[in-house]
Every structure is written in structure tokens, then in C-alpha cells.
Amino acid sequence: MLSRGAPLQFEESARYVEGERVSVVVKFPVPDASGAVTGVGGVATDITDQKNSEAALRARPTTCRR
């Protein structure tokens, strides 16, 4: 991410006592006033419920309607 100077987005899984959680993570360069990158910022959003809902929908049998 630092070498490209552009944001990076990916999904990450982590195991906790209560079970596995899935997050979408975004990391981005943080510049100073002159534009030089002086740090890395990041945001992680838990998308476990969304992933579980999508999996449940995919697992449902499809019906053919005519």
C-alpha cells in the first residue's frame, strides 16, 4: 500500500472465543501538509452477518417457475 501510494481493500477473517468474524479492511496512506506519507490509516468493518446471510441465500434450493 505504501509503495503504491493508494488505498488497499481486502477481507480478513479472525477467530475469537465466540467464533469466526469476517471484516472488510481498508488501509490508506496518511500524508502530512507537504504531501509526504507519514503514516497509515485503517478502518475495519465487521461484515460477518452479511456473509452469513449471503451464504444462507446461496444454500436455499431454487425453484423453477413457469
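No value in this document is a laboratory result; all are computed from the given coordinates. These numbers come from a predicted model, not from an experiment. With ideal geometry, Cβ positions are generated from the backbone for all residues, glycine too; neighbour counts draw on all protein chains shown.
Can you give me the long-range amide H partners of Ile47? Hydrogens built in the peptide plane at 1.01 Å from N, cutoff under 5 Å, separation of 5 or more residues or another chain.
Val22, Ser23, Val24
What is the local net charge at Lys51, summed over the other residues whose Cβ is closer than 13 Å to its Cβ (Lys, Arg +1; Asp, Glu -1)?
-4
How large is Rg/Rh for the chain, to two decimals, with Cα atoms and a Kirkwood Rh?
On the way: Rg = 18.5 Å, Rh = 14.8 Å.
A ratio of 1.25.
To the nearest 500 deg cm²/dmol, what mean residue ellipticity at 222 nm is calculated for the chain from DSSP H runs of n ≥ 4 alone, each contributing -39,500 (n - 2.57), summed and divided by the residues?
Details: 1 runs with 12 residues, N = 66.
One gets -5500 deg cm²/dmol as the mean residue ellipticity at 222 nm.
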